[in-house]
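Accompanying notes for the structure given below.
What follows is calculated from the coordinates using simple rules that are stated; it is not laboratory data. In this text, all values refer to a predicted model and were calculated from it rather than measured experimentally. All Cβ positions, glycine included, derive from the backbone under ideal geometry; neighbour counts span all protein chains shown.
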Amino acid sequence: MTRLFSGFWAGLGTGRVLRCWGRALWLAALLLLAPLVSCDEGALDPEDSSLAPPREGYPAGPYGTSEGAVMADATFVNPDGSAFSLRELYADGANKLILLSTAAGWCTACIEEAPKLQQWHESHGERGLAVVVAYFEDASFNPATAESAGRWQTRHQLSHRVVADPSFLMAGYYDARLTPLNMIIEVETMEILWMTTGWDGATAEAIIRAKIR
Amino acid sequence: MGGGRSWRWSTWVGVGLLTWGLVACDDASKDAPGGDAEVTPPVDVPEAEVVEVADLVEETGELPPDAADLSETTELSEVADAADADAAEAVDVPPDPPCAAGGHFVEAIYGQVVDGAGQPVAGARAQPCLRREDGTLLCLRPEPTGADGAVAITYEGFCITELTLRVLLPNSSMSTAYCTVPLPSSGRQVQLAAPVVLHATEAPLSLPPLGDGAQARQVDFAGGFSLSLVPDQLDSDVAAYEDLAARRLDVAAAQLCTLPAGAPLAAIAFYPEADLLAPAQVTLRLNNPWGLAPAEQVSLHVLGGLHCTDAAGEVLHEGRWVPLGPATVAADGAAILYEGHLPCLTWLAITE
């Protein structure tokens, strides 16, 4: 080691050594950078959401309807009449969590909840939270249509996604006598992390903040 | 040779820096949430799901229920389970006495829906919304009534502080009824004290064509009253301006679930039930069968209902009467006039 450093100091004056030393510093810098980049992968940086690559396919089953289960792909209807599948949310690499909520035109609790969901969409949407309301019946208990879902979205001034669930697919996930359902899904695995009927903002917020940092 | 020697030096330096970097990275990972080497998550739980409750509280500003009972680190599912613990307890434990003061454990609601003639209404929906002890609302999706008009709603009960019923016959022009239901002091079931009455409404005597929906127009109804309104302000899931209908009833005939404050004189039921988008200024003109003196004032009230919002955008509580202001007997004594804001078309009541 002594020889090494004495050689270093002796050769420091030559141009060739300086060029080599410069290359070495670059190499060291690159080598230093590599682990820093790799160790940062574990953190969910909100700034990186938009840069995330798209995902392909959809997580394999077995699928289930309770917490801990993988949620099967489901197809709903957009207010413009086009089809919308959960697969689309999965494909978007920027999405980290889905907050899926049911609503109906007769559901006063859903009316109370609407501004809170909008608030979360505004505060966490760009960081990877996809808020989706599945509207399943109008105020007269008629199955939802694209139009009635759109009216719900307009009436409550919602800029997050609202879709019609005319066949009430979401009824398979909870006691459908009690509305609304609120469900948080981890997009990477499409695992149902948490479900509740009614509003439990504190728990939902805690999960969202823990998962989207 | 000198260059090769320098290259070896640089390699040593690079390796040294790399080693330092790896150590630093490892230290950083120990500081990161979920990265503490002391924490060994269960084998089947991804490390990313391990969070500290303290972090949740710090970031949300709220303490998940029972968080104090959790260990320093826990899984998300445990946080959620802990938060649900109270509710689960309320469901699993017998109702006496799981409810806080003012709370009532209710697991069933029974009653009947009839029409104005007292005949059972089949296909009606008696839809309850329940206010839980934590202040959140949950709405039940009832099955339609059978031929006997019977209401029988059972569910996994919980503690509630408030029960409101919205009763309607879907896809008909019968009025929608709202009832704030008294909660039982004992027992787990609510039995409505009287049948809920749905009244048929009547098409207007004159309904101006829609034309320019932004223009106010006067609609005359049977029963001696008229209402001027702007069709574009009518916001309803159920029907449109062309379907507008109403019915004026004396209070005894109306058989309202809940009466407004003051001595009621009359009530008016509207169809469709609709929010009136602000600023909804209306003129209501009623005849004066009671012989009230000119300039005498009565009070006008509106019944809070679905999507019913006031001028400030505040939601009117379903099933509660809200005073709108005075209506004044005209100088000739023939009519009673109200000019002002009307939040929604549900029911109106006139009281002395």
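Here the extension length gained between B:Leu337 and B:Glu296 equals 13.7 nm, from 0.36 nm per residue of separation less the Cα-Cα distance.
Ordered by the number of other Cβ atoms lying within 10 Å of each residue's own Cβ, fewest first, A:Glu147, A:Glu56, B:Glu242 fall into the sequence A:Glu56, B:Glu242, A:Glu147.
Spin-label pair B:Arg320-A:Asp175: with each label point 7 Å from Cα along the Cα-Cβ axis, the two points sit 2.7 nm from one another.
On the basis of the beta-carbon distance and an R0 of 51 Å, A:Ala72 and B:Leu183 show a calculated FRET efficiency of 0.80.
Sequence-distant contacts, meaning Cα pairs under 8 Å at least 6 residues apart, place the relative contact order of segment B:160-237 at 20 percent. Inter-label distance, A:Glu188 to B:Ala263: 7.2 nm, where each label sits 7 Å from its Cα along the C-beta direction.
For a Förster distance of 25 Å, can you work out the FRET efficiency between the beta-carbons of B:Glu242 and B:Ala122, rounded to the nearest 0.05? Efficiency, from the Cβ-Cβ distance: 0.40. Think of segment A:96-150 as a dipole: +1 on every Lys or Arg Cβ, -1 on every Asp or Glu Cβ, centred on the Cα centre; then among A:Ser140, A:His121, A:Ile111, A:His121 lies furthest on the positive end. For A:Glu88 and A:Thr65, the difference between the fully extended length at 0.36 nm per residue and the C-alpha to C-alpha distance is 6.3 nm. In terms of its C-alpha gyration tensor, segment B:104-198 comes out prolate, because a/c is 1.5 or above and the ratio a/b outweighs b/c.
A Förster distance of 22 Å, applied to the separation of the beta-carbon atoms of B:Ala312 and B:Asp232, puts the FRET efficiency at 0.65. Peptide B:136-148 is shielded by partner chain Cβ atoms: per residue, an average of 5 of them sit within 10 Å of its Cβ. The mean count of C-beta atoms from other chains within 10 Å of the C-beta of residues in A:104-117, rounded to a whole number, is 5. Centre-to-centre separation between the Cα atoms of segment B:279-303 and those of segment B:153-203: 29 Å. Each of A:Thr179, B:Thr201 was scored by other Cβ atoms within 10 Å of its Cβ. Listed from fewest to most, they are B:Thr201, A:Thr179. Taken along the Cα-to-beta-carbon direction at a fixed 7 Å, the label points for B:Ser206 and B:Ser172 span 3.1 nm. Counting Cβ atoms of other protein chains within 10 Å of each Cβ in A:138-144 and taking the mean gives 6.
The stretch between A:Glu56 and A:Gln157, if pulled fully straight at 0.36 nm per residue, gains 33.1 nm over its current Cα-Cα span.
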